[in-house]
Amino acid sequence: MKGKTAAGEATAALREMILSGQLHPGQPVRQNHLSELLGISRTPLRTAMATLTQDGLLSYEENRGYRVKSFSVDSIIKVFEIRAGLEAMACRAAVRCGIDNATIEELDRLVTIGDRILSSGSLDVADLPEYRQFNVRFHDTIINAAQNPWLHEFVGRTHNVPLVSDRIILWEADDFALIQRSHDDHHRIARALRNSDGERAAAIMHEHVQYAGEALVDRLRNDPEETFRKLAFSPPTANTCQKDQ
């Protein structure tokens, strides 16, 4: 495709790579490599990189080119706190607005997808993209149910700090307890919303997001390179980028 469509696809693909941790903070963004990897010509890719620089996901330096923007661990903690508060607020607002049956059914459907993916007692490498999609859609469904465009926008802004996005999945082949705890939260949030208990859903959501942030920060402090390596193993696909828009 040409023109704005090609630039839009390039922006979506590159944004997904950053938000999911496949490109980590401080990493150079090489046009030639990305052009070949994503099957996108360099002209729309340059447009995408300029757009994501304006959005705060990339930084540009003369003679050094583009890099994924870096944030301190302290900044990541603070943004996770904001995201936790906003998503808890979305749970309260969704109930206050009268969450409908279609939304409840969608949350139940998504939770069932998570159950299926984790039914073997582990999160397989091949299943990570689908689990990431399910997780993003679960959070987005609740935020949309809040019927507040400002809330939606502000949650989106927290995702412009790499590693704070809901696309980040802390995956450990030998530590299934972490991913299972997270999915148990999905069950409890959906159940609370089904029962129109906005305060309980908000409390669980706040803990859900806050715990994810704490777990990520602990790993970044202990071994940042290993953390980035584990986040970066799953290559983006066109379908993933399109579905998450």
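You will find that of R67, R137, the residue that is of a type in the set (K, R) and farther than 26 Å from A201 by Cβ is R67 and no other.
A single member of V73, V68 is over 22 Å from N135 (Cα atoms), among the aliphatic types (A, V, I, L, M) and surrounded by fewer than 19 Cβ atoms within 10 Å (Cβ to Cβ), and it is V73. Selection of the stretch 24-49 for residues being under 14 Å from G8 (Cα atoms) and either β-branched (V, I, T) or touching an Asp or Glu at 6+ places or on another chain (Cβ under 6 Å) (or both) yields I40, T43, T47.
Given the condition outside the structural domain of D197 (by TED's automatic domain parsing), open to solvent by less than 50 Å² (accessible area, probe 1.4 Å) and aliphatic (A, V, I, L, M), answer yes or no: does some residue in the stretch 99-110 qualify? Checked the stretch 99-110: no residue is outside the structural domain of D197 (by TED's automatic domain parsing), open to solvent by less than 50 Å² (accessible area, probe 1.4 Å) and aliphatic (A, V, I, L, M). With respect to M49, determine if the residue is in contact with a strand residue (DSSP E or B) (Cβ under 9 Å, 6 or more places away or on another chain), crowded, with 19+ Cβ neighbours inside 10 Å and within 19 Å of R157 (Cα to Cα). Taking the combined requirement at face value, the residue satisfies it.
The values are calculated or read from the model by the stated rules, or taken from the named source; none is laboratory data. What you see is a predicted model; the values in this text were computed from it and never measured. A quick note on method: Cβ atoms are made from the backbone with ideal geometry, for glycine too, and the neighbour counts reach across all protein chains shown. Calculation scope for accessible area: heavy atoms of the full protein, side chains included, ligands and nucleic acids excluded. Shrake-Rupley method; radii C 1.70, N 1.55, O 1.52, S 1.80 Å.
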